[in-house]
1. Can you tell me which condition Leu86 does not meet? The list is (1) surrounded by fewer than 20 Cβ atoms within 10 Å (Cβ to Cβ); (2) assigned to a helix (DSSP H, G or I); (3) at pLDDT below 85, and all the others hold.
2. So His94 clears everything in (1) away from the ligand (no atom under 16 Å from the Cβ); (2) touching a strand residue (DSSP E or B) at 6+ places or on another chain (Cβ under 6 Å); (3) farther than 16 Å from His48 by Cα except one condition, right? Which one?
3. May I ask you to list the residues in segment 97-107 that are of a type in the set (Val, Ile, Thr) and near the ligand (Cβ under 8 Å from one of its atoms)?
4. Considering only segment 54-62, I want to know if a residue exists there that is of a type outside the set (Ser, Thr, Tyr) and over 22 Å from Asp130 (Cβ atoms).
5. Give just the number: which of (1) at pLDDT below 95; (2) within 16 Å of the ligand (Cβ to nearest atom) does Leu116 not satisfy?
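The values are calculated or read from the model by the stated rules, or taken from the named source; none is laboratory data. These figures come from a predicted structure and were not determined experimentally. With ideal geometry, Cβ positions are generated from the backbone for all residues, glycine too; neighbour counts draw on all protein chains shown.
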Amino acid sequence: MRAAITVLEAGYPWHTCSMEISEKLRREIAAQNATFPRLRSGLMPALHRVYQACGEINAGAVAELAEIFEMTPDEVRSVVELSNALDSPRRGRHQVKVCVGGTCLRDGAREFLGALSCRIGVPVGEISEDGRIELGEEVCFGACAAAPLMWVGDDMHDDVGLDDAERILAALE
Ligand code: FES
């Protein structure tokens, strides 16, 4: 069963959350809505954004989305329940990977990854609470002489120290 629907059904009469959608997320939704000819056309993309950021569409989010899209909560719930599109696994906004291939391991990649995970408070293989960062590991990026090696999306950072890595990740939106 879809994660979003599971949350909706299991939560009946739905736990409430007064600020499920952050101000930043609201601004992103508003900017996206401005690209659509009809306000309601932006609902599905907005549901995706909320789901990716929060990991669920709960009652608070439904209420806020209803307000944003000038719909009733029941109408928003219907769209959520009819949508297969929320099946996709939740992803962090930024994919951050550290190489743990043989050469990098020898040069301390595992320790680096563990320390980075502690510093930013995101377990390896998981997503930060705010949905910004998904921290993972990868095996050999083909730059074996430059460990520790961290990828942020398409950007490679080689020979990166913990302070630098933390600064790079803190600067991500
Ligand atoms: S082992 Fe890390 S880049 Fe090759």
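1. Result: Leu86 fails condition (1) only.
2. His94 satisfies every listed condition except (3).
3. Hits for segment 97-107 are Val100, Thr103.
4. Taking every residue of segment 54-62 in turn, none turns out to be of a type outside the set (Ser, Thr, Tyr) and over 22 Å from Asp130 (Cβ atoms).
5. The number of the failed condition is (1).
Per-residue answers, yes or no, for (1) in the same structural domain as Leu162 (by TED's automatic domain parsing); (2) free of Cβ contacts under 8 Å to residues at least 12 places away in the same chain:
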| position | (1), (2) |
| --- | --- |
| Met44 | no, no |
| Gln52 | no, no |
| Val80 | no, no |
| Cys104 | yes, no |
| Phe112 | yes, no |
| Leu116 | yes, no |
| Gly121 | yes, yes |
| Glu129 | yes, yes |
| Arg132 | yes, no |
